[in-house]
Each structure stands twice: as structure tokens, then as C-alpha cells.
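The values are calculated or read from the model by the stated rules, or taken from the named source; none is laboratory data. Remember, predicted model here, so these are calculated numbers, not experimental data. As a convention, Cβ positions derive from the backbone with ideal geometry for all residues, glycine included, and neighbour counts pool all protein chains shown.
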Amino acid sequence: MAPEESTEAVRLLPSFERRFLAARALRSFPWQSLEEKLRDSSGPELLLNILQKTVKHPLCVKHPPSVKYARCFLSELIRKHEAVHTEPLDELYEALAEVLMTTEPTQCHRSYLLPSGDSVTLSESTAIISHGTTGLVTWDAALYLAEWAMQNPAAFAHRTVLELGSGAGLTGLAICKTCRPSAYIFSDCHSCVLEQLRGNILLNGLSLEADVTDPARHPEHNTCDSESPRVTVAQLDWDVVTAPQLAAFQPDVVIAADVLYCPETVLSLVRVLQRLSACLKNQQAPDAYIAFTVRNPETCQLFTSKLGIAGIPWEAVPHHDQKLFPYEEHSEMAILKLTL
Ligand SMILES: C[S@@+](CC[C@H](N)C(=O)[O-])C[C@H]1O[C@@H](n2cnc3c(N)ncnc32)[C@H](O)[C@@H]1O
């Protein structure tokens, strides 16, 4: 490859790598650029490098994506190769044969690379909605909020974070790995979501504590100097949790991602935020950040108008420009900072 050709090819690799590890839709991959590069190059290096950064990536070998996904990806890669070269590339066919011999499990993995060089891997359901919940997969707002958190670690450092509707756990795991919170409480209402969440926390090398509300466990009583946050998972349903139960968590920061998807959840969420506004720690209510994808402007308006009625002021957090995760480019994302 000529030097300028190899520089261009090097730019393609991270794009394929990040998208494949996160199992993003195949249509979002830069196939057109790949085809152009393949036309300009004579050898198989580029495709072999893509294979190493995707299907053969150590994270994928250890925690594979869905079989169907890997099969469709390899078939597309083979199509691109064959559109340009007449000689088949054995390595691509061997990888496909290996995938075809694997049976599809009900859970698959997605991995996200962090700027620190670390990564977050999640075991997720292969279906977007299963067991009657949306919480078994990662939603784009979770990625957007994690990105913002990693660019604003001071909002979380040495603080107790309570996450509402944690789902698969991406945001919390990214915060625990990069923002140095003192304690992180993942929460959700759905038992299957909580079970998967606990598995994902352990999968990422964090230890789980039994009960964060135990007074002996609070930061003031923390005798060890561990860098790792104290991590717990709580079953917390916004419709039934009481103010004293919320106060026992002693949160400094409350966060939530993609929890405004229908009017009922908006109303439940505002009610729980109202109860949280009474949870004073050192005479201060927690900071709160709510991230969402603007799918239906009316639902977002309902949220802000209910916040107004509840007496909770809010401001939009400016969009951050550093995109680290491969979420949908064209969807509108927002984070509101609430003054509880
Ligand atoms: C669309 S998912 C978002 C999950 C995750 N935050 C993300 O962005 O990937 C919504 C989550 O909110 C949870 N949820 C919905 N209503 C709830 C309620 N009343 N109490 C607690 N959690 C709730 C669901 O179980 C689900 O995990």
C-alpha cells in the first residue's frame, strides 16, 4: 500500500472496530469507503486487519456478539472482497465457517472501548424488548450520558451516585471505571433486568456489596482506601419507593438515561424525583441529570411541564462534541440538569 493509502485505511479500522464491538447496525458501517480502499489496494492486508479488529478481536473472542450478527457481518465483508478481487480470501471463509458451526444463545455481548484503554462489556438480550421490558439492552441515551460523564468526571468523583432505571448497566459501569465515584447504586424495578445487571457488574470486574443503606457502609465509616467505588444493585420501583427508602441511599447525584419513553413513565419519574428532592445530605438535595433521545417532542414537553408543576427547575446541558461511542448519528439527544 502507498503511504497515503495506508493512512486512510488506518482511519477505517477504528470505525469498524467500535461499531462491530458494540454490534451496531451493519448499515452504519463505512462500507462505501471500504469498497473504495479495496479498489485502490492490491493485497489482502486491509481486510485481514479488519478481521483482527472485529470477529477476531480478543474482546469478541472472549465475549462474542450474536451469531447472526457475526454471520451477516462476515457475509458482507466477503461480498465487498468479491466485488473487487477474483481470488477468494481463505481467512474470511474460515471465520464464516467457524461462526456457522456455533449455535445462537439467547444472550449476546456488546463491548465499548473507553478512552482510558479499558472497556465495558455487557451481556444483553438478543431481542430489543423481551420479558416485557426495554431494560435488557443498551439504549443510545445511556451511551450519550456515559460520554458526557467521562468528559465531566468532577460531577461524580468522590460522590454517591444513584442511577434510576439502569437497564443493562452501561452508563454506571463507564462512570465506575472512569469517574471515581465513592459509591454507585444501580437500580431498576424489573427482576430479569436486575439479574442481568448483577451479571454485567461482575463481568466487568467490579465487586457487589449487599446493602448500600447499611450505615456501617457509608463513606464516613469507610476505613479502606480503595479506589473502586462501593457498588450495589437495588430493586427500586419509582411507583412504590418511599421517601425514607430513597433518603437511606444518601445520594449526592441522581442520574437516569432513556426513561422518558411514554407518558406513564414520565409521571412516575417526576413523582420519584419529587421524593428525592426531600433527600437532603449536608442540607443539600442531590444533583440530577436525565438523558434521553428526543423521539416524541410531546413526551419531552410533558416531562418539562410536569417538572414545572412539581417546582423542579431544570436547564439543558450543552451538547458535548467528543463522540466516543458509535450511537445513531442523526437522533437528537438531550441531558437536563435538574435542581431538586
Ligand atoms: C429504555 S430502558 C433504559 C435502560 C438504560 N438506562 C439505558 O438507557 O440503556 C428503561 C428502564 O427503566 C426501567 N423502568 C421503567 N419504569 C420503571 C419504574 N417505574 N421503576 C423503576 N424502573 C423503571 C425499565 O425496567 C428499564 O430498565
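Mind checking whether some residue in region 296-309 is among the β-branched types (Val, Ile, Thr), at pLDDT below 95, part of a helix (DSSP H, G or I) and surrounded by 14 or more Cβ atoms within 10 Å (Cβ to Cβ)?
Here is the first cut: in region 296-309, the ones among the β-branched types (Val, Ile, Thr) are 299, 304, 309.
Now restrict to residues that are at pLDDT below 95: 299.
Those left that are additionally part of a helix (DSSP H, G or I): 299.
Remaining after also requiring surrounded by 14 or more Cβ atoms within 10 Å (Cβ to Cβ): 299.
Yes, region 296-309 contains at least one residue that is among the β-branched types (Val, Ile, Thr), at pLDDT below 95, part of a helix (DSSP H, G or I) and surrounded by 14 or more Cβ atoms within 10 Å (Cβ to Cβ).
For the list (1) surrounded by 14 or more Cβ atoms within 10 Å (Cβ to Cβ); (2) part of a strand (DSSP E or B), I need the number of the one condition that Glu315 fails.
(1)
Taking the condition at pLDDT 95 or above and β-branched (Val, Ile, Thr), does Thr121 pass? Explain how you work it out, then say what you get.
On the way: at pLDDT 95 or above: yes; β-branched (Val, Ile, Thr): yes.
Here the answer is yes, as Thr121 does meet what is asked.
Please go through region 264-295 and give me each residue that is surrounded by 14 or more Cβ atoms within 10 Å (Cβ to Cβ) and part of a helix (DSSP H, G or I), ordered by number.
Of everything in region 264-295, those that are surrounded by 14 or more Cβ atoms within 10 Å (Cβ to Cβ) and part of a helix (DSSP H, G or I) turn out to be Thr265, Val266, Leu267, Ser268, Leu269, Val270, Arg271, Val272, Leu273, Gln274, Arg275, Leu276.
Find all pairs meeting these conditions: Cβ atoms under 8 angstrom apart; at least six residues apart or on different chains; first residue within region 161-176 and in contact (Cβ under 8 Å) with a residue 12 or more places away in the chain; second residue near the ligand (Cβ under 6 Å from one of its atoms) and part of a helix (DSSP H, G or I).
Filtered contacts from region 161-176: Ser166/Val193; Gly167/Ala142; Gly167/Val193; Ala168/Ala142; Ala168/Val193; Leu170/Ala142; Thr171/Ala142.
Within region 86-122, which residues are of a type in the set (Gly, Ala, Ser) and buried (at least 19 other Cβ atoms within 10 Å of the Cβ)? Talk me through it step by step, then tell me what you get.
Keep residues of region 86-122 that are of a type in the set (Gly, Ala, Ser), which gives 95, 97, 111, 116-117, 119.
Result: Ala95, Ser111.
In region 132-145, which residues are assigned to a loop (DSSP other than H, G, I, E, B), within 8 Å of the ligand (Cβ to nearest atom) and surrounded by fewer than 20 Cβ atoms within 10 Å (Cβ to Cβ)?
So the first thing to find is which residues in region 132-145 are assigned to a loop (DSSP other than H, G, I, E, B), and the list is 132, 134-139.
Checking the rest, the ones that are also within 8 Å of the ligand (Cβ to nearest atom) come to 134-139.
Scanning region 132-145 gives a single hit, Thr134.
Taking region 146-171, which residues are more than 9 Å from the ligand (Cβ to nearest atom), closer than 15 Å to Pro251 by Cα and buried (at least 24 other Cβ atoms within 10 Å of the Cβ)?
Scanning region 146-171 gives Phe156, Val161, Leu162.
Only one of Ser125, Ser191, Ser182 is under 26 Å from Pro58 (Cα atoms), more than 13 Å from the chain's Cα centre (by Cα) and not aromatic (Phe, Trp, Tyr). Can you tell me which?
Going through Ser125, Ser191, Ser182 in turn, just one is under 26 Å from Pro58 (Cα atoms), more than 13 Å from the chain's Cα centre (by Cα) and not aromatic (Phe, Trp, Tyr): Ser125.
Could you check how many residues of region 172-193 are of a type outside the set (Val, Ile, Thr), assigned to a strand (DSSP E or B) and more than 12 Å from the ligand (Cβ to nearest atom)?
2
Does region 194-209 contain at least one residue that is modelled with pLDDT under 95, touching a strand residue (DSSP E or B) at 6+ places or on another chain (Cβ under 8 Å), in a loop (DSSP other than H, G, I, E, B) and of a type in the set (A, V, I, L, M)?
Looking for residues that are modelled with pLDDT under 95, touching a strand residue (DSSP E or B) at 6+ places or on another chain (Cβ under 8 Å), in a loop (DSSP other than H, G, I, E, B) and of a type in the set (A, V, I, L, M), one finds none in region 194-209, hence no.
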